[in-house]
1. Can you pull out every residue in segment 197-224 that is within 13 Å of Met248 (Cα to Cα), near the ligand (Cβ under 8 Å from one of its atoms) and among the aliphatic types (A, V, I, L, M)?
2. In the set Thr146, Thr109, Thr125, which member is polar (S, T, N, Q) and open to solvent by less than 10 Å² (accessible area, probe 1.4 Å)?
3. Quick check: anything in segment 237-253 among the charged types (D, E, K, R) and farther than 30 Å from Ala50 by Cα?
4. Can you pull out every residue in segment 174-196 that is more than 13 Å from the ligand (Cβ to nearest atom) and either farther than 30 Å from Pro37 by Cβ or not assigned by TED's automatic domain parsing to the domain that holds Gly253 (or both)?
5. Considering every residue within segment 268-289, establish whether at least one is in contact with a Leu (Cβ under 6 Å, 6 or more places away or on another chain), open to solvent by less than 20 Å² (accessible area, probe 1.4 Å) and outside any helix (DSSP H, G or I).
6. Quick one: is Glu347 open to solvent by 20 Å² or more (accessible area, probe 1.4 Å) and free of Cβ contacts under 8 Å to residues at least 24 places away in the same chain?
7. Tally the residues that are open to solvent by 50 Å² or more (accessible area, probe 1.4 Å) and within 16 Å of the ligand (Cβ to nearest atom), restricting the search to segment 13-31.
8. Among (1) in contact (Cβ under 8 Å) with a residue 40 or more places away in the chain; (2) out of contact with any Asp or Glu (no Cβ under 6 Å at 6 or more places or on another chain), where does Val165 come up short?
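The values are calculated or read from the model by the stated rules, or taken from the named source; none is laboratory data. In this text the structure is predicted, and so the values were computed from the model without any measurement. We place every Cβ from the backbone using ideal geometry, glycine too, and count neighbours over all the protein chains shown. Just so you know, the surface numbers come from the protein's heavy atoms only, side chains and all, with ligands and any DNA or RNA stripped out. Shrake-Rupley method; radii C 1.70, N 1.55, O 1.52, S 1.80 Å.
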Amino acid sequence: MSRFLSGRHKSLVPYTPGEQPTQRQYIKLNTNESPFPPSEKAVLFASEAARKLELYPDPTCGALHAAFAGRCGVEPHEVLMTNGSDEILYFAFLAFCDDRHPAAFADITYGFYSVFADLLHVPYTLIPLRDDFSIDPEDYVGLGKTIFLANPNAPTGLALSPDAVERIVRGNPNNVVVVDEAYVDFGAESAVGLIHKYDNLLVTQTFSKSRSMAGARLGCGIGCKDLIADLNTIKYSINPYNINRMTMAAGLGVLADEEYTRQNCRAVAETRTMTTEALRQLGFSVLDSKANFVFAKAGWIGGKDLYLKLKDRGVLIRHFETPRLKDYNRITIGSREQMRALLLAIEAIREELK
Ligand code: PMP
């Protein structure tokens, strides 16, 4: 820390991204990336856009907003594209949270919510998950706070029913409810259809997972016109050119290739079923995930030990050190071949310990 850092940030603990190793080739099952390459159209459109890099990109993101809104069945002014969904979440904290509108979210959920709250000095309440890691919607009714709800949740992969999400949105009419749907395309139901019914609902989504574009950084918020206008005020006060030309073009490309996205989501869901069953046969308890990862605990080895032993064998998974999570690991659903390699490595570790 330099002697110049603002006193406001001296105790800030930043978000720790999953490992992105450069020294060794791993089977990477630690950051919930897609095992499939980006759509050919995304690559083609992005490379054409690279020829115009001397010009700023369109700050209104007009073509992309129109294309994405069309896919979601909403109007372009009900959408705001951002630099990854992390950015729309940050904008939401800036726009809708302060001392009078503290934040609330689950005690076990996406780690960035508490980092944004700390960065912005927004007070927040952690709402404990039930013992089985599920969310009780009644805990979120009438809170008088801005609510952040990951659905499916991370790192558990558990999803709330559309009725439960609506109960929470309806139960907080004077506060914004942000439903973070980063993983929704892998089997949960989206709340986007509710944005015309509730003016306090903001849904966030990402192109990082189901659309194989984590490296391009593209996310979005979907909500009523006034919420999106507020978020635009924030965007134009920070970085009007938040989406670069190539990412914008890649977004248009992948949206023109929806069958490719659907096919990849189906493949991930099938591989998730196969992996869940195989892990259960190997003595794991595995939560019923609706995401592109599973959250699993072995009866015969600790979470950290398994993580380290798999890393030795060239397979990276995600381990969390916190007390309630330390026996578990979060394992991204990769390709069939990657998951077979993971299962063989786990079998070998189990044999070694016998
Ligand atoms: N929400 C959740 C629940 C996530 O797990 C992630 C991925 N780390 C994000 C949002 C942000 O993803 P991105 O910025 O790549 O869109």
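1. Leu218
2. Working: Thr109 fails: open to solvent by less than 10 Å² (accessible area, probe 1.4 Å); Thr125 fails: open to solvent by less than 10 Å² (accessible area, probe 1.4 Å).
From the options Thr146, Thr109, Thr125, the qualifying one is Thr146.
3. Filtering segment 237-253 down to residues among the charged types (D, E, K, R) leaves 245.
With the extra rule that they be farther than 30 Å from Ala50 by Cα, the set shrinks to none.
No - not one qualifying residue is present in segment 237-253.
4. Scanning segment 174-196 gives Asn174, Asn175, Val176, Val177, Gly193, Leu194, Ile195, His196.
5. yes
6. Details: open to solvent by 20 Å² or more (accessible area, probe 1.4 Å): yes; free of Cβ contacts under 8 Å to residues at least 24 places away in the same chain: no.
Criteria not met by Glu347.
7. Final tally of qualifying residues: 7.
8. (1)
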